[in-house]
Amino acid sequence: MNKLYLETATSLARQAGEIGRSIFVTARESTWKSDNTPVTAADIAINDLVIREISRIYPGHAILGEEASQTHEGADHIWVCDPIDGTIPYALGIPTSAFSLGLVIAGVTEIGVAYDFHADRMYTAERGKGAFCNGQPLTAFTGTSLRATVTDVEGLWWSGFPVGELTELPNLLEREGSKILKVCSMVYAGLLVARGELAGMISRGDKPWDVAAMDLIIREAGGCVTDLKGNPLRCDGPIPGSVVCGAGVQDAYLNLIDEAFSS
């Protein structure tokens with residue numbers, strides 16, 4: 001079944017990309033939600049597309065989406081969707097956003113698809129079968145030192161996340177020789193880790209749709225995904241922050257996070 005699920009996710013990603021590109025070049029005005037984050041017509045249209053199509057194809061499956069969800073009591077198949085991760089840059093005309101869809105079965109992420117529709121890069125992963133970008137194998141960051149690297153940090157200063165305080169972390173990363181980046185999209189940054197271009201991405205965020213697909217893509221590319229304490233993530237509910245990185249720098253990141261929590 002996983003192959004069929006992957007085909008479904010990839011097809012939805014293509015359709016989502018068409019919506020995202022169309023609105024990106026026409027009318028990408030945003031409104032602001034009660035949690036002080038923006039939403040565009042593309043976010044809503046894509047989320048609606050996923051709910052409509054998953055409900056039609058797999059009527060017993062649940063959908064957990066950023067803008068809307070479809071619940072089924074007792075469902076062990078949950079599609080976790082971020083219609084556009086990176087709405088702030090998207091609304092500003094900056095092409096650093098992506099569609100993300102993961103299938104979590106009984107708490108385990110089995111399928112992950114993320115689509116950088118700006119650059120037509122389709123990232124896919126099936127548990128145990130590797131990760132790919134447009135059909136080419138992905139290899140996550142392979143370095144063993146943070147010196148001369150770049151680290152993306154997301155949500156460190158936002159009080160809306162209830163996961164610790166990490167305001168000192170950027171200074172600690174700079175001390176170790178890693179430059180700081182913030183692309184305002186956990187998914188987009190995570191894909192750069194999967195490509196081997198970023199050493200890691202660290203976030204205090206607690207939203208499962210930011211991580212569900214990326215979690216599998218990174219791990220299948222040879223990288224690591226954990227919470228801020230180094231524990232594995234379960235992506236069908238709120239998450240206690242995330243560390244997405246190459247395996248060789250995981251301990252370095254976790255040590256710096258622990259130091260930041262203690263400062």
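The values are calculated or read from the model by the stated rules, or taken from the named source; none is laboratory data. The structure presented is a predicted model; accordingly, all values stated were derived computationally and were not measured. Virtual Cβ from ideal backbone geometry, glycine too; neighbours counted across all protein chains shown.
Looking at the range 88-109, which of its residues are surrounded by fewer than 24 Cβ atoms within 10 Å (Cβ to Cβ) and touching a helix residue (DSSP H, G or I) at 6+ places or on another chain (Cβ under 6 Å)? Quick ask: steps written out before the conclusion?
Looking only at the range 88-109, we keep the residues that are surrounded by fewer than 24 Cβ atoms within 10 Å (Cβ to Cβ), and these are 88-89, 91-96, 105-108.
Answer for the range 88-109, where residues must be surrounded by fewer than 24 Cβ atoms within 10 Å (Cβ to Cβ) and touching a helix residue (DSSP H, G or I) at 6+ places or on another chain (Cβ under 6 Å): just 96.
For residue 186, state whether it is touching a Ser or Thr at 6+ places or on another chain (Cβ under 7 Å), closer than 25 Å to residue 4 by Cα and not β-branched (Val, Ile, Thr).
Details: touching a Ser or Thr at 6+ places or on another chain (Cβ under 7 Å): yes; closer than 25 Å to residue 4 by Cα: no; not β-branched (Val, Ile, Thr): yes.
No: the conditions fail for residue 186.
Do we have any residue at all in the range 54-68 that's touching a residue at least 60 places away in the same chain (Cβ under 8 Å), at negative phi and part of a strand (DSSP E or B)? Steps first, answer last, please.
Applying the first criterion (touching a residue at least 60 places away in the same chain (Cβ under 8 Å)) to the range 54-68 yields 64-66.
Narrowing further to those that are at negative phi: 64-66.
Imposing the further condition that a residue be part of a strand (DSSP E or B) reduces the set to 64-65.
Yes; the residues of the range 54-68 include at least one that is touching a residue at least 60 places away in the same chain (Cβ under 8 Å), at negative phi and part of a strand (DSSP E or B).
Have a look at 126, 154, 176, 110 and point out the one that is over 30 Å from residue 9 (Cβ atoms) and in contact (Cβ under 8 Å) with a residue 24 or more places away in the chain.
176
What residue, of 178, 185, 203, is over 18 Å from residue 98 (Cα atoms) and either crowded, with 24+ Cβ neighbours inside 10 Å or β-branched (Val, Ile, Thr) (or both)? Break it down stepwise before answering.
Values: 185 fails: over 18 Å from residue 98 (Cα atoms); 203 fails: over 18 Å from residue 98 (Cα atoms).
Of 178, 185, 203, the one residue that is over 18 Å from residue 98 (Cα atoms) and either crowded, with 24+ Cβ neighbours inside 10 Å or β-branched (Val, Ile, Thr) (or both) is 178.
Considering each residue of the range 78-93, count those that are closer than 14 Å to residue 41 by Cα, among the aliphatic types (A, V, I, L, M) and in a strand (DSSP E or B), and give that number.
The number of residues fulfilling the criteria is 1.
Within the range 171-191, which residues are assigned to a loop (DSSP other than H, G, I, E, B) and of a type in the set (D, E, K, R)? Don't jump to the end; show me each part of the working.
Taking the range 171-191 as the starting set, the residues that turn out to be assigned to a loop (DSSP other than H, G, I, E, B) are 176-177, 182-185.
Answer for the range 171-191, where residues must be assigned to a loop (DSSP other than H, G, I, E, B) and of a type in the set (D, E, K, R): 176, 182.
Can you tell me which residue is surrounded by the most Cβ atoms within 10 Å (Cβ to Cβ) among those in the range 19-41 that are touching a residue at least 60 places away in the same chain (Cβ under 8 Å) and part of a helix (DSSP H, G or I)?
For the range 19-41, the residue satisfying everything is 20.
Exactly one condition in (1) under 30 Å from residue 5 (Cα atoms); (2) surrounded by fewer than 19 Cβ atoms within 10 Å (Cβ to Cβ) is not met by residue 159; state its number.
Unmet condition: (1).
Going through 221, 213, 189 one at a time, which residue ends up being under 20 Å from residue 82 (Cβ atoms), in contact with a helix residue (DSSP H, G or I) (Cβ under 6 Å, 6 or more places away or on another chain) and not β-branched (Val, Ile, Thr)?
None of the other options fit; the residue is 221.
Which members of the range 211-251 meet the condition of being among the small types (Gly, Ala, Ser), over 13 Å from residue 164 (Cβ atoms) and either in the same structural domain as residue 133 (by TED's automatic domain parsing) or buried (at least 22 other Cβ atoms within 10 Å of the Cβ) (or both)?
Here is the first cut: in the range 211-251, the ones among the small types (Gly, Ala, Ser) are 212-213, 221-223, 230, 237, 241-242, 246-248.
Going one step further and asking which of them are over 13 Å from residue 164 (Cβ atoms), we end up with 212-213, 221-223, 230, 237, 246-248.
Within the range 211-251, 212, 213, 221, 223, 246 qualify.
Give the residues of the range 195-218 that are in contact (Cβ under 8 Å) with a residue 60 or more places away in the chain and over 11 Å from the mean Cα position of the chain (by Cα), sorted by residue number.
Within the range 195-218, just 195 meets the criteria.
Can you tell me which residue is nearest to residue 69 (Cα to Cα) among those in the range 219-228 that are of a type outside the set (A, V, I, L, M) and either under 10 Å from the mean Cα position of the chain (by Cα) or in a loop (DSSP other than H, G, I, E, B) (or both)?
Out of the qualifying residues, it is 227.
For the range 85-138, what are the residues that are of a type in the set (S, T, N, Q) and touching a strand residue (DSSP E or B) at 6+ places or on another chain (Cβ under 6 Å)?
Let us first name the residues in the range 85-138 that are of a type in the set (S, T, N, Q), namely 87, 96-97, 100, 109, 124, 134, 136.
Scanning the range 85-138 gives 87, 97, 100, 109, 124, 134.
For the range 94-105, how many residues are in a loop (DSSP other than H, G, I, E, B) and among the small types (Gly, Ala, Ser)?
Filtering the range 94-105 for residues in a loop (DSSP other than H, G, I, E, B) gives 94-97.
From what's left, among the small types (Gly, Ala, Ser): 97.
Count: 1.
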